[in-house]
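A.B. asks: Structure provided below as structure tokens; questions to follow.
The values are calculated or read from the model by the stated rules, or taken from the named source; none is laboratory data. This structure is a prediction, so every number in the text was calculated from the model and none was measured. Heads up, the Cβs are rebuilt from the backbone with ideal geometry, glycines too, and the neighbour counts pull from every protein chain shown.
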Amino acid sequence: MAANGEKPVALVVGASRGIGRQVAIDLAANGYAVVVSAKSYSKDANTSPFPPNPNSRASTITTVGREIREAGGEATAIPVDTSDLASVERLVAQSIDVYRRLDVLVYNSGAIWWASVGATPTKRFQLMQRVNVEGLYGAVQAALPHLKRRGTGRIIVVSPPIYSRFFRGKTAYAVGKVGMSVLTKGLAMDFERQGLTGMAITSIWPAVSIESAATEPFSRKDPTFANDLRKSTIFSDAILAMLSAPAPEVNGQLELDEDFLRRHAGITDFSKYSVVPGSSPRRIMPAELPDLTVKEQDDEGIRHDSTKEKSAKL
């Protein structure tokens with residue numbers, strides 16, 4: 001919370017359904033003013049029945065904003081097309097116009113296509129890069145000046161740990177998602193070099209599949225599929241724990257929701273997150289992940305800064 005009693009502001013990109021919706025709702029319930037953003041926008045805020053199925057197309061940033069306000073929270077719905085840089089920049093500018101500050105950026109927007117390289121058209125590949133890694137980069141670039149203003153800004157990125165099995169059968173998708181994780185690592189190093197010890201960027205990924213719009217078709221085809229799903233509240237609980245942790249502890253980390261909650265919140269019983277009571281959802285992530293550092297971690301030779309080169313041009 002802000003020290004002066006003013007509400008901190010969180011911008012959640014990709015907040016119309018599923019995980020993003022839950023994150024926005026729980027941030028608001030924990031004292032944040034929330035900008036709810038995604039492409040899906042509905043003109044009629046009086047959707048009936050209300051609230052709609054959180055994993056259906058009836059759930060939009062408009063209905064999520066209404067849910068938050070009716071629960072006593074503060075929210076503003078602003079549409080965005082994350083494949084369009086100008087739209088992303090307008091989103092951040094409009095958020096600042098409304099709240100005059102920005103404390104947290106959560107980037108949950110994503111385009112998915114899981115197939116072999118040969119079965120992934122170039123246009124599909126390009127769309128994923130625009131929405132995933134380029135959309136994130138644009139949001140970070142636009143948000144950074146505002147996040148740095150108080151020296152305590154936080155960025156949460158929905159992207160995976162980096163390990164070889166993740167590339168299998170979905171290489172085109174992995175290119176962008178891993179690129180998002182590389183951005184997490186690299187920007188964290190920038191914060192450290194610049195002495196921004198109150199700033200942090202952290203990636204988060206589910207250890208177990210989470211109920212969402214993406215899993216809905218599978219659950220309809222096979223009712224037993226839900227036995228392997230967790231509620232989206234595990235993700236929002238982990239993000240809230242990240243935001244309350246000291247910045248140096250989470251800066252540059254590629255975390256799994258379950259593992260982070262176990263280490264930092266002391267949770268050992270995750271049964272309350274199971275979609276089907278009494279079920280034991282299967283873990284989809286490796287038990288151990290590789291350490292990306294090398295022995296000569298601090299030996300980078302002569303470091304070049306392109307911004308200081310006379311020939312540097314945009």
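A.B. asks: Within segment 172-202, how many residues are over 19 Å from the mean Cα position of the chain (by Cα) and surrounded by fewer than 17 Cβ atoms within 10 Å (Cβ to Cβ)?
C.D. replies: Adding up the residues that qualify gives 8.
A.B. asks: Name the single residue that is modelled with the lowest pLDDT among those in segment 285-305 being surrounded by 10 or more Cβ atoms within 10 Å (Cβ to Cβ) and aliphatic (A, V, I, L, M).
C.D. replies: Only one residue tops the list, namely 292.
A.B. asks: Same structure again: Output the residues belonging to segment 159-171 that are under 15 Å from residue 285 (Cα atoms), surrounded by fewer than 17 Cβ atoms within 10 Å (Cβ to Cβ) and of a type outside the set (Ser, Thr, Tyr).
C.D. replies: 165, 167, 168
A.B. asks: In segment 9-24, how many residues are in contact with a Gly (Cβ under 8 Å, 6 or more places away or on another chain) and in a helix (DSSP H, G or I)?
C.D. replies: So the count comes out to 1.
A.B. asks: Being without any contact (Cβ under 8 Å) to a residue 60 or more places away in the chain and of a type in the set (D, E, K, R) is the filter here, so list the residues in segment 77-126 that pass it.
C.D. replies: Hits for segment 77-126 are 81, 84, 89, 90, 97, 100, 123, 124.
A.B. asks: Oh, and also: Considering only residues of segment 37-90 that are farther than 14 Å from residue 20 by Cβ and acidic (Asp, Glu), which is modelled with the lowest pLDDT?
C.D. replies: 44
A.B. asks: If the requirement is being over 30 Å from residue 104 (Cα atoms) and in contact (Cβ under 8 Å) with a residue 24 or more places away in the chain, which of these qualifies: 241, 226, 265?
C.D. replies: Values: 241 fails: over 30 Å from residue 104 (Cα atoms); 265 fails: over 30 Å from residue 104 (Cα atoms).
From the options 241, 226, 265, the qualifying one is 226.
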